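Written below as structure tokens is the structure these notes are about.
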Amino acid sequence: MAHPTTPSPGVPGEDATRRNFLLYATSAVAVSGTALALWPFIHSMNPAADVLALSSSEVDLKPIAVGQSITVTWRGKPVFIRHRTPEEIKAAESVQLFDLRDPQPDSQRAKKPEWLVLVGVCTHLGCIPLGQKSSDPRGDFGGWFCPCHGSHYDTSGRIRKGPAPANLAVPDYTFLTDTTIRIG
Amino acid sequence: MSAPANQNKIIKWVDDRLPIFTLMQHSAIEYPTPRNLNYWWNFGSLAGFMLVVMILSGIFLAMSYTAHVDYAFDSVERIMRDVNYGWLLRYLHMNGASMFFLTVLIHIFRGMYYGSFKAPREVLWWLGILLYLAMMATAFMGYVLPWGQMSFWGATVITNLFSAIPVVGSSIVTWLWGGFSVGNPTLNRFFAFHYLLPFVIFAIMFLHVWALHTVKSNNPLGIDVKGPQDTIPFHPYYTIKDLYGIGLFLMVYLFFVFYYPNLFGEPDNYIPANPMVTPPHIVPEWYFLPFYAILRAVPNKLLGVVMMFSAIIVLFFLPWLDTSRVRSARFRPIYKQFFWIFLADCIVLGVVGANPPEGIYVLMGQIATFWYFFHFLVLLPVLGKVEKTRPLPDSISTPVIKKSMEKA
Ligand code: HEM
Ligand code: FES
């Protein structure tokens with residue numbers, strides 16, 4: 001009992017096509033509008049300005065003797081700094097690249113061969129590998145050993161054995177003087 | 001159908017405007033329930049009971065809890081020592097999570113044994129798996145709140161699972177953390193979600209029960225209800241049985257709360273979180289152990305993560321993977337045995353997950369993981385086609401009537 005001048009829905013013809021067009025256009029606007037409106041909510045969960053601002057730290061290397069390692073904090077994560085011995089450097093440099101899961105020559109990983117700076121977070125699931133203290137197990141390759149699921153890293157922090165897919169990350173750092181670095 | 005029996009004028013006035021009393025009458029009183037349900041059918045209502053306990057204890061805990069990395073651990077210790085009955089609230093909540101999972105797991109295995117996931121109950125089953133997933137997310141985030149060593153490192157390892165996603169993985173992890181490691185923003189949002197999700201669970205539970213009342217309960221024989229002679233009204237028969245079950249269950253639950261409150265916990269979680277030191281052996285709560293074992297069974301990060309999530313996703317496909325037309329394992333002599341093997345397999349995975357991934361546990365984990373997927377992807381589809389099932393009874397009431405005639 002529709003009013004004679006009101007076209008009823010579902011009647012084929014010009015009106016129906018026009019109505020379909022309006023329906024699709026409205027839906028498209030609504031969907032993209034909603035998607036755009038979601039972005040501020042999603043982005044609010046990304047690191048805030050103050051978190052980003054905390055992202056560099058300076059370290060004095062003078063007190064670290066040859067063969068010693070220290071751990072500093074950068075962006076809430078540990079950073080390993082190892083003053084490598086000549087043997088450790090030699091071991092790291094003499095590895096054949098095709099022996100590596102994540103091939104990278106030692107020269108790309110250390111700005112000065114005696115100083116190795118690494119993010120001390122296992123690239124598997126984020127545990128902190130052991131090997132900073134002289135009493136720690138250092139794994140089969142003399143670097144670090146992650147106890148969580150058994151990843152072995154060499155004296156260049158490269159993954160050699162275990163489930164981790166990648167080498168320990170090298171953070172951005174610069175030598176401010178011969179014995180100070182800024183990380184980040 | 002008839003409106004509520006004791007028609008009070010006020011009730012009728014409200015009911016004419018919002019038929020909430022009619023709804024309750026239909027779904028909690030008259031609801032025709034198969035007459036042959038056994039005690040394994042108690043675990044659904046037990047799970048609902050546990051959700052109420054968790055929400056209640058949780059809200060009162062939240063009144064004394066502080067979601068900040070510098071105060072969270074101490075605020076939980078204050079709950080334990082200074083807040084009146086704080087220890088009770090916390091132990092109810094801690095052990096309640098274990099009991100909630102226990103009831104839900106029994107409920108799921110019950111469904112597998114009696115074929116409750118089969119047509120027409122697929123959507124009901126899906127909603128159940130969704131509930132299970134939401135519970136896991138809730139419990140994971142809750143475990144982070146006391147900010148002990150296991151809280152912190154559990155959160156680190158689990159959020160890092162997402163870094164296995166190619167290309168965008170590490171941006172997703174940074175987004176989840178709200179920083180460059182698990183920290184204060186992470187703790188804050190986990191508290192927000194931990195508060196929210198139980199109410200989402202409540203909503204899904206409502207849909208789950210709605211679906212149940214549309215397709216009606218399965219039963220130990222796995223055959224359809226043929227008529228009124230096969231059913232009894234929910235009230236008083238099953239209200240009283242569920243209540244009795246809650247009584248028994250409370251004895252078990254409160255035994256742990258009062259006598260072994262830390263049995264399910266990890267001593268390391270009483271050490272405040274230290275982002276610079278990983279505990280030598282990270283273990284998740286017991287209800288995550290089988291999945292943790294699957295994750296570690298594969299020596300490849302991405303594949304391990306994919307397998308772990310697949311172990312749950314595969315449950316959504318169960319209604320089509322099990323090709324047998326017979327629901328209940330009572331009439332499937334071979335499936336029945338594989339059901340128990342599967343249950344044992346899940347327990348083996350749990351044991352492997354609790355132990356360090358060395359020596360014999362590596363191989364055990366790999367075999368058990370293989371069997372888990374083999375069961376779903378190969379065994380069930382083939383078995384349904386080849387198994388010779390036992391004859392089904394004509395109706396739910398036939399064996400009952402026969403038995404009472406034999407006795408007479
Ligand atoms: C699905 C229901 C829930 C589950 C499975 C669950 C699970 C958990 C778990 C496993 C913990 C860690 C307990 C510990 O080791 O100390 C926890 C802590 C906590 N939960 Fe829940 N929870 C639920 C609902 C809620 C609700 C609705 C609230 C209300 C806000 C809440 C508030 C808290 C608080 C404040 C803590 C920290 C205090 C503590 O650690 O005891 N929970 N939850
Ligand atoms: S987190 Fe290091 S091996 Fe898994």
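The values are calculated or read from the model by the stated rules, or taken from the named source; none is laboratory data. Keep in mind the model is a prediction, meaning the values are calculated, not measured. When we count neighbours, we look across all protein chains shown, and the Cβ atoms used for this are built from the backbone with ideal geometry, even at glycine. Accessible surface is based on the protein model in full, side chains and every heavy atom, while ligands, DNA and RNA are left aside. Shrake-Rupley method; radii C 1.70, N 1.55, O 1.52, S 1.80 Å.
Observations on the model:
- Picking from residues in the range A:46-77 that are in a loop (DSSP other than H, G, I, E, B), of a type in the set (Gly, Ala, Ser) and within 13 Å of chain B (Cβ to nearest Cβ), the one that is farthest from A:GLY143 (Cα to Cα) is A:ALA48.
- Subset tally (residues that are within 25 Å of B:SER397 (Cα to Cα) and at pLDDT 95 or above) for the range B:18-31: 0
- For B:GLY142, the stated conditions do not hold, so it cannot be described as buried (at least 21 other Cβ atoms within 10 Å of the Cβ), within 29 Å of A:HIS124 (Cα to Cα), within 14 Å of another protein chain (Cβ to nearest Cβ) and within 12 Å of ligand 1 (Cβ to nearest atom).
- Yes/no for B:LEU131 being more than 16 Å from the chain's Cα centre (by Cα) and either within 17 Å of B:TYR195 (Cα to Cα) or not in a helix (DSSP H, G or I) (or both): no
- Among all positions in the range B:108-124, there is no residue which is within 24 Å of B:TYR71 (Cα to Cα) and either within 17 Å of the chain's Cα centre (by Cα) or of a type in the set (Val, Ile, Thr) (or both).
- Test set (1) more than 16 Å from B:THR138 (Cβ to Cβ); (2) surrounded by fewer than 15 Cβ atoms within 10 Å (Cβ to Cβ); (3) at pLDDT 95 or above - B:PRO228 fails condition number: (3)
- Test result for B:ILE59, open to solvent by 30 Å² or more (accessible area, probe 1.4 Å), assigned to a helix (DSSP H, G or I) and within 9 Å of ligand 1 (Cβ to nearest atom): yes
- Single residue of the range A:78-89 satisfying the filter (over 30 Å from B:GLY179 (Cα atoms) and surrounded by fewer than 20 Cβ atoms within 10 Å (Cβ to Cβ)) that is farthest from the other protein chains (Cβ to nearest Cβ): A:PRO86
- Annotation: of all residues in the range B:54-71 being aromatic (Phe, Trp, Tyr) and closer than 24 Å to B:PHE101 by Cα, the one that is farthest from ligand 2 (Cβ to nearest atom) is B:PHE60.
- When B:VAL173 is tested against the conditions (1) within 16 Å of ligand 2 (Cβ to nearest atom); (2) in contact (Cβ under 8 Å) with a residue 24 or more places away in the chain; (3) in contact with a Ser or Thr (Cβ under 6 Å, 6 or more places away or on another chain), the lone failure is (2).
- Scanning the range B:157-167 for residues that are under 24 Å from the mean Cα position of the chain (by Cα) and either open to solvent by less than 10 Å² (accessible area, probe 1.4 Å) or more than 9 Å from chain A (Cβ to nearest Cβ) (or both) gives B:VAL157, B:THR159, B:LEU161, B:PHE162.
- Here the range A:174-184 is the region considered, the condition is being open to solvent by less than 60 Å² (accessible area, probe 1.4 Å) and either under 15 Å from A:THR71 (Cα atoms) or part of a loop (DSSP other than H, G, I, E, B) (or both), and the residue that is nearest to the other protein chains (Cβ to nearest Cβ) is A:GLY184.
- Within the option set A:THR26, A:THR17, being open to solvent by 60 Å² or more (accessible area, probe 1.4 Å) and modelled with pLDDT of 95 or more holds for one residue only, A:THR26.
- When A:SER135 is tested against the conditions (1) within 16 Å of ligand 2 (Cβ to nearest atom); (2) open to solvent by 50 Å² or more (accessible area, probe 1.4 Å); (3) within 14 Å of chain B (Cβ to nearest Cβ), the lone failure is (1).
- Subset of the range A:134-157 that is in contact with a Cys (Cβ under 7 Å, 6 or more places away or on another chain) and outside any loop (DSSP other than H, G, I, E, B) - its residue that is nearest to ligand 1 (Cβ to nearest atom): A:CYS146
- Checking each residue in the range A:152-167 for being under 22 Å from A:GLU93 (Cβ atoms) and within 14 Å of chain B (Cβ to nearest Cβ) picks out A:HIS152, A:ILE159, A:ARG160, A:LYS161, A:ALA164, A:ALA166, A:ASN167.
- If only residues of the range B:268-295 that are under 9 Å from B:MET150 (Cα atoms) and assigned to a helix (DSSP H, G or I) are counted, the one that is nearest to the other protein chains (Cβ to nearest Cβ) is B:ASP268.
- Exactly one residue out of B:HIS208, B:HIS213 is buried (at least 19 other Cβ atoms within 10 Å of the Cβ) and in a helix (DSSP H, G or I), and it is B:HIS208.
So that you can scan it fast, the table gives a plain yes or no per residue for (1) away from ligand 1 (no atom under 16 Å from the Cβ); (2) assigned to a helix (DSSP H, G or I); (3) under 30 Å from A:LEU125 (Cα atoms):
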| site | (1), (2), (3) |
| --- | --- |
| B:MET150 | no, yes, yes |
| B:THR156 | yes, yes, yes |
| B:PHE162 | yes, yes, yes |
| B:SER171 | yes, yes, yes |
| B:THR174 | yes, yes, yes |
| B:LEU187 | no, yes, yes |
| B:VAL200 | no, yes, yes |
| B:TYR238 | yes, yes, no |
| B:TYR244 | yes, yes, no |
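- From the list A:VAL121, A:VAL170, A:VAL95, the lone residue that is touching a helix residue (DSSP H, G or I) at 6+ places or on another chain (Cβ under 6 Å), of a type in the set (Val, Ile, Thr) and either in a loop (DSSP other than H, G, I, E, B) or within 16 Å of ligand 2 (Cβ to nearest atom) (or both) is A:VAL170.
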